[in-house]
2 protein chains.
Amino acid sequence: MPPPERPGPRVAVLAGGFGAARLLDGLVRVCEPHAVTAVVNCGDDFVLHGLHISPDLDTVMYCLAGELNPETGWGLRDESWRALETLRQLGGKSWFGLGDRDLGTHMYRTQRLAEGATLSVVTAELSRRWGVEVRLLPVSDDPVPTRVTIDGGTGDRRGSDGEIGFQEYFVGLRHAVAVRAVRFAGADRARPAPGVLDAIVDAAAVIIAPSNPIVSIGPMLSLERVRRAVMQRREETVAISPIVAGAALRGPAGRLMVELGHEPSVVGVARLYAPVAGTLVIDEADAALAPAVESEGMRCIVTPAIMHTPTDAAALAQAALSAVGCAAPSHC
Amino acid sequence: MPPPERPGPRVAVLAGGFGAARLLDGLVRVCEPHAVTAVVNCGDDFVLHGLHISPDLDTVMYCLAGELNPETGWGLRDESWRALETLRQLGGKSWFGLGDRDLGTHMYRTQRLAEGATLSVVTAELSRRWGVEVRLLPVSDDPVPTRVTIDGGTGDRRGSDGEIGFQEYFVGLRHAVAVRAVRFAGADRARPAPGVLDAIVDAAAVIIAPSNPIVSIGPMLSLERVRRAVMQRREETVAISPIVAGAALRGPAGRLMVELGHEPSVVGVARLYAPVAGTLVIDEADAALAPAVESEGMRCIVTPAIMHTPTDAAALAQAALSAVGCAAPSHC
């Protein structure tokens, strides 16, 4: 396949799951999609029933393909559940929702990985087939599994080291347990996937999507070379706070921040991101905290940051781009 | 689970896929199902899309559960194909038919094997959940993959050793290529699964089902201890010919026998089975060959051997049992 034309400056987005997917869906309304690279967390990746599942990559891919299930925020629309129903009847582990259509993606990925393809190659193949124009890159082709140490009471799920896998925490336990520690196993050895560092270095703007800073963005920044690359682009890097009015819009970001000793506010987010990003975008609900954000060393942009619609998402993306001097629609 | 009562003498059946499944479906109409052990070929087992697939075990299990797809002779009835359709749209390998419900079985098996359960334990779990009363045992918990050396012209599928996996030959190429050799990799190291030898030793009758002698029964008899156990029960062992009137009722048995130097007739079957079985059941169409079978050193029983209905299958099973002195219905 010839490389697509890449008109104008490029944008790199550090992306988790749903929040990032929605932001990207807005970004492609104000940018040339081929000029956007999403570097996607794969700390959530895991193997279940023999299948290699990449939850964040799939959420982003399905959303950009216009196929994301709008009711759940994960999986495919127009989905059926016969495999999972059978598995449940057989007494199998059915806590992770795998729809019949969705299984096609996991089967494809698993087979290609078994044939020796890298995750980034498989992701490119899947993206193309799903009709996604944004370039999706897993942050690494090497495993960086997020491991979560939880408080007692679920001993049957925990390994002898007291840790569980991220999806067991996030989906299996519905993140309704206290977390004592989070660790990104393999981060010291994992290499950035081909294209990741270039995408960050070449971008006119680097956006940190409104994803969970601890377990979505954290695993990617735990790769030393990725972190250093983003730090070198700090002036062009803009983070969008996933915390609005002291709570996460979705998922356990707020709770996790508290449990791990961070303030669950835009100020707490600023403290996490200040080393790598020069600018933080916060919602109007948090306008009063803008000075506190700035006192953490970040420029602060106040704008509506809740994406009810793709139009909201496009406006938020535009605001983020503008914040780092990358303003004109279609010329970001 | 307490062991089920096992009234009366026991029957062991060496089983491949469809032919064996139909025979077993008849056998349980004349025997106490709990007294029947099916030792099932797993030379066809393979991993595709990360999933451990056991085609013969599943065909037998689904048939005895009353769930076998009657139109295909494999897979489940009332099936849907959304995962496979998605996989095909993604450009994945879609040559092996995996229905959505069927995937539940493969996902269960794969996960349990990954957790460290043996194939025989997983098979027992699946059988129970599918409501199967016959005891199903894989011939081995160790892999015994059937490898097929085919004539040229399909170089892209062949490994550097000129071999392909059985399912690539059987399903992928629809067994429409000439076979030069068949090999059961691992047979010299594979141990019979727990219960296999006991089932053969304890049985009042050992039935070799009308399965492919080369690639369904062959892999099981390639385990030296299984072969020896059956040979020790030669007088109580009765084989049912899968060849009728010079051709296999289904599948490539006839063609394979020719290509590997055997006569594609009940006499050729007799030559293969004479060392392990004292009796061969042949169809009335082959009545004229009964003396030739007997000159190979086997008793020969002539009876209708084509199973159009479960009633036919029950009569055939009864004839096989009678042939080794295990005659009375419900008291085999």
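Some values worked out for this structure:
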| item | result |
| --- | --- |
| Flag for A:Ile207 being in the same structural domain as A:Ile301 (by TED's automatic domain parsing), modelled with pLDDT of 95 or more and part of a strand (DSSP E or B) | yes |
| Subset of segment A:98-138 [assigned to a helix (DSSP H, G or I) and of a type in the set (Asp, Glu)] | A:Asp100, A:Asp102, A:Glu125 |
| Breaking point among (1) crowded, with 20+ Cβ neighbours inside 10 Å; (2) assigned to a strand (DSSP E or B), for B:Ile200 | (2) |
| Matching residues, segment A:289-298, being part of a loop (DSSP other than H, G, I, E, B) and not acidic (Asp, Glu) | A:Gly297, A:Met298 |
| Flag if A:Thr59 is in the same structural domain as A:Thr110 (by TED's automatic domain parsing) and assigned to a strand (DSSP E or B) | no |
| Qualifying positions in segment A:76-125 - under 17 Å from B:Ala83 (Cα atoms) and acidic (Asp, Glu) | A:Asp78, A:Glu79, A:Glu85, A:Asp100, A:Asp102 |
| Boolean, A:Val266 is in the same structural domain as A:Asp202 (by TED's automatic domain parsing) and either more than 26 Å from A:Gly73 (Cα to Cα) or among the hydroxyl-bearing types (Ser, Thr, Tyr) (or both) | no |
| Unmet criterion (only one of (1) modelled with pLDDT under 95; (2) under 26 Å from A:Glu79 (Cβ atoms); (3) in contact with a helix residue (DSSP H, G or I) (Cβ under 6 Å, 6 or more places away or on another chain)) for B:Gly73 | (2) |
| Within segment A:177-193, considering residues that are among the aliphatic types (A, V, I, L, M) and crowded, with 19+ Cβ neighbours inside 10 Å, the one nearest to A:Leu136 (Cα to Cα) | A:Ala193 |
| Hey, A:Asp45 farther than 28 Å from A:Thr309 by Cβ and surrounded by 21 or more Cβ atoms within 10 Å (Cβ to Cβ) or not | yes |
| Qualifying residue in segment B:303-313 (condition: more than 17 Å from the chain's Cα centre (by Cα) and aliphatic (A, V, I, L, M)) | no |
| Given (1) within 30 Å of B:Tyr169 (Cα to Cα); (2) modelled with pLDDT of 95 or more; (3) surrounded by 16 or more Cβ atoms within 10 Å (Cβ to Cβ), index of the condition B:Pro252 fails | (2) |
| Leading residue by the ranking (surrounded by the fewest Cβ atoms within 10 Å (Cβ to Cβ)) among those in segment A:58-70 that are within 14 Å of chain B (Cβ to nearest Cβ) and touching a residue at least 60 places away in the same chain (Cβ under 8 Å) | A:Ala65 |
| Qualifying residues in segment B:71-97 (those that are in a loop (DSSP other than H, G, I, E, B) and facing chain A (nearest Cβ under 8 Å)) - the one surrounded by the fewest Cβ atoms within 10 Å (Cβ to Cβ) | B:Gly91 |
| Looking only at segment B:273-320, and only at residues there that are of a type in the set (S, T, N, Q) and buried (at least 21 other Cβ atoms within 10 Å of the Cβ), the one that is farthest from B:Ile208 (Cα to Cα) | B:Gln318 |
| Any hit, segment B:323-330, residues being more than 20 Å from B:Ala247 (Cα to Cα), of a type in the set (S, T, N, Q) and touching a residue at least 24 places away in the same chain (Cβ under 8 Å) | yes |
| Cross-chain or 6+ apart pairs with Cβ under 6 Å, segment B:227-256 first and under 30 Å from B:Asp202 (Cα atoms), then part of a loop (DSSP other than H, G, I, E, B) and among the aliphatic types (A, V, I, L, M) | B:Val230/B:Val276; B:Met231/B:Val276; B:Glu236/B:Val324; B:Thr237/B:Ala277; B:Val238/B:Val324; B:Ala239/B:Ala277 |
| Top-ranked residue of segment A:98-116 - restricted to ones that are facing chain B (nearest Cβ under 7 Å) and among the charged types (D, E, K, R), ranked as farthest from the chain's Cα centre (by Cα) | A:Asp100 |
| Qualifying residue in segment B:281-291 (condition: under 19 Å from the mean Cα position of the chain (by Cα) and modelled with pLDDT of 95 or more) | yes |
| Selection count, segment A:210-245, where residues are of a type outside the set (Lys, Arg), in a loop (DSSP other than H, G, I, E, B) and in contact with a helix residue (DSSP H, G or I) (Cβ under 7 Å, 6 or more places away or on another chain) | 6 |
| Qualifying residue in segment A:40-49 (condition: at the interface with another protein chain (Cβ under 7 Å from one of its Cβ atoms) and either within 19 Å of A:Val122 (Cα to Cα) or at pLDDT below 95 (or both)) | yes |
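For (1) outside any helix (DSSP H, G or I); (2) touching a helix residue (DSSP H, G or I) at 6+ places or on another chain (Cβ under 6 Å), each residue gets a yes or a no:
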{"position": "A:Gly254", "(1), (2)": "no, no"}
{"position": "A:Pro264", "(1), (2)": "yes, yes"}
{"position": "A:Leu272", "(1), (2)": "no, yes"}
{"position": "A:Pro275", "(1), (2)": "yes, no"}
{"position": "A:Ala287", "(1), (2)": "no, no"}
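Quick grid of which residues meet (1) more than 20 Å from the chain's Cα centre (by Cα); (2) buried (at least 19 other Cβ atoms within 10 Å of the Cβ); (3) among the acidic types (Asp, Glu):
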site: A:Thr118; (1), (2), (3): no, no, no
site: A:Glu125; (1), (2), (3): no, no, yes
site: A:Arg128; (1), (2), (3): no, no, no
site: A:Leu137; (1), (2), (3): no, yes, no
site: A:Pro145; (1), (2), (3): no, yes, no
site: A:Ile150; (1), (2), (3): yes, yes, no
site: A:Val171; (1), (2), (3): no, no, no
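The values are calculated or read from the model by the stated rules, or taken from the named source; none is laboratory data. On a predicted model such as this, the values are computed, not experimentally measured, just so you know. Don't worry about glycine lacking a Cβ; one is built from the backbone with ideal geometry, like all the others, and counts go over all protein chains shown.
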